[in-house]
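In what follows, a single structure is set out as structure tokens and then discussed.
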Amino acid sequence: MYKELIQQLGSTRLVAVSKTQPTEAILNLYDQGQRIFGENKVQELVSKHEALPKDIEWHLIGHLQSNKVKYMASFVSMIHSVDSLKLLEEINRQAERNQRMINCLLQFKINDEATKFGLDQKEAFALLESASYPTLQNIRLCGVMGMASFVEDEAQIRQEFKALHQIFDALKDRYFPNDDNFKEISMGMSDDYPIAVAEGSTLVRIGTLLFGARNSGNPQ
Ligand SMILES: *Cc1c(COP(=O)(O)O)cnc(C)c1O
């Protein structure tokens, strides 16, 4: 499964979403060569980082509260879920305390679901034009992230991924034309990754397809 998926992804990189999975299951993928793992809860990210090989790149993919940034600031390699200037400022503060850079993606709300977090394009423009943003020397904005609606309608999902790609292009043109770090479009999960890859995803976040269904009742 793993090798086939990697082949299918081509140049799109895989974030193996290991939330709720035991360390043995993570090590199984690690032994097959996987190095990027994603978690949606800070506490779980921290305990798995402690327990597992130190060359794993840990990505935080779930909603993040400012007061939790400090627990992972020493090691997290990318935060996919930045949805406010306040959060970005706190990530910068904690990165500075740890004398490092933290890679971040801006999360956009591209789906039609009421509960999902994320910016719209106008809010992102405001964030990037704020007086504070240029002072944030310890964060590196690397691109955008979004989640499509949980629907069967492939045309709708494709449209949502296209919208995220357009937001990426707009931000790239306007704010990052000469910044090679701004290159990531994090989109696509177990059920919709082929559409995401076709629409230009550079990072897919896949859990269920790799590990099997999570046994918690909560889909998140
Ligand atoms: C759980 C989760 C995924 C992976 O979902 P699967 O359907 O298990 O592949 C991707 N992105 C985010 C933000 C998640 O919380």
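The values are calculated or read from the model by the stated rules, or taken from the named source; none is laboratory data. Since the model is a prediction, treat every value here as computed from it, not as a measurement. Note: ideal-geometry Cβ built from the backbone for every residue, glycine included; neighbour counts use all protein chains shown. Accessible surface areas use protein heavy atoms only, side chains included; no ligands, DNA or RNA. Shrake-Rupley method; radii C 1.70, N 1.55, O 1.52, S 1.80 Å.
With the requirement that a residue be open to solvent by 40 Å² or more (accessible area, probe 1.4 Å) and either closer than 17 Å to His80 by Cβ or more than 19 Å from the chain's Cα centre (by Cα) (or both), what does region 50-63 give you?
Glu50, Ala51, Lys54, Glu57, His63 - these are the residues of region 50-63 that are open to solvent by 40 Å² or more (accessible area, probe 1.4 Å) and either closer than 17 Å to His80 by Cβ or more than 19 Å from the chain's Cα centre (by Cα) (or both).
For Asn181, are the conditions met, namely being in contact with a Lys or Arg (Cβ under 6 Å, 6 or more places away or on another chain) and open to solvent by 40 Å² or more (accessible area, probe 1.4 Å)?
Spelling it out, Asn181 is indeed in contact with a Lys or Arg (Cβ under 6 Å, 6 or more places away or on another chain) and open to solvent by 40 Å² or more (accessible area, probe 1.4 Å).
Please list, ordered by first then second residue, the pairs with beta carbon atoms under 6 Å, 6 or more apart or interchain, first in region 46-75 and in contact (Cβ under 8 Å) with a residue 60 or more places away in the chain, second in a loop (DSSP other than H, G, I, E, B) and open to solvent by less than 60 Å² (accessible area, probe 1.4 Å).
Here the result reads Ile61/Asn40; Gly62/Asn40, each pair linking region 46-75 to a residue that is in a loop (DSSP other than H, G, I, E, B) and open to solvent by less than 60 Å² (accessible area, probe 1.4 Å).
Go through Ala148, Ala124 for me and flag whichever is in a helix (DSSP H, G or I) and surrounded by 15 or more Cβ atoms within 10 Å (Cβ to Cβ).
Ala124
Condition first: assigned to a loop (DSSP other than H, G, I, E, B) and over 18 Å from Cys104 (Cβ atoms). Now tell me which residues in region 46-67 satisfy that.
Leu52, Pro53, Lys54, Asp55, Ile56
Cβ contacts < 9 Å: first residue in a helix (DSSP H, G or I), restricted to region 32-45; second residue within 14 Å of the ligand (Cβ to nearest atom) and hydroxyl-bearing (Ser, Thr, Tyr), any location; separation 6+ or different chain. Result?
Glu44/Ser18; Glu44/Thr20
May I ask you to list pairs of residues, at least six apart or on different chains, whose Cβ atoms are under 6 Å apart, with the first in region 104-117 being touching a residue at least 60 places away in the same chain (Cβ under 8 Å) and the second being polar (S, T, N, Q)?
Pairs that qualify, where the first residue is touching a residue at least 60 places away in the same chain (Cβ under 8 Å) and the partner is polar (S, T, N, Q), are Leu105/Ser186.
Which condition number in (1) in contact with an Asp or Glu (Cβ under 6 Å, 6 or more places away or on another chain); (2) closer than 24 Å to Ile6 by Cα is the one that Pro194 fails?
Tallying (1) in contact with an Asp or Glu (Cβ under 6 Å, 6 or more places away or on another chain); (2) closer than 24 Å to Ile6 by Cα, Pro194 fails exactly one: (1).
Say we look at region 186-201 and pick out the residues that are surrounded by fewer than 19 Cβ atoms within 10 Å (Cβ to Cβ) and more than 8 Å from the ligand (Cβ to nearest atom); which of these is farthest from Glu39 (Cα to Cα)?
Ala198
What are the pairs, 6+ residues apart or on separate chains, where a residue within region 194-208 that is free of Cβ contacts under 8 Å to residues at least 12 places away in the same chain has its Cβ under 7 Å from a residue that is open to solvent by less than 10 Å² (accessible area, probe 1.4 Å) and not polar (S, T, N, Q)?
If the second residue must be open to solvent by less than 10 Å² (accessible area, probe 1.4 Å) and not polar (S, T, N, Q), no pairs are left.
Check off (1) open to solvent by 10 Å² or more (accessible area, probe 1.4 Å); (2) touching a residue at least 12 places away in the same chain (Cβ under 8 Å); (3) away from the ligand (no atom under 14 Å from the Cβ) for Gly143 and give me the number that stays unchecked.
Checking Gly143 against (1) open to solvent by 10 Å² or more (accessible area, probe 1.4 Å); (2) touching a residue at least 12 places away in the same chain (Cβ under 8 Å); (3) away from the ligand (no atom under 14 Å from the Cβ), the one that fails is (1).
Would it be correct to say that Ala213 is open to solvent by 30 Å² or more (accessible area, probe 1.4 Å) and either more than 30 Å from Pro22 (Cβ to Cβ) or within 16 Å of the ligand (Cβ to nearest atom) (or both)?
yes
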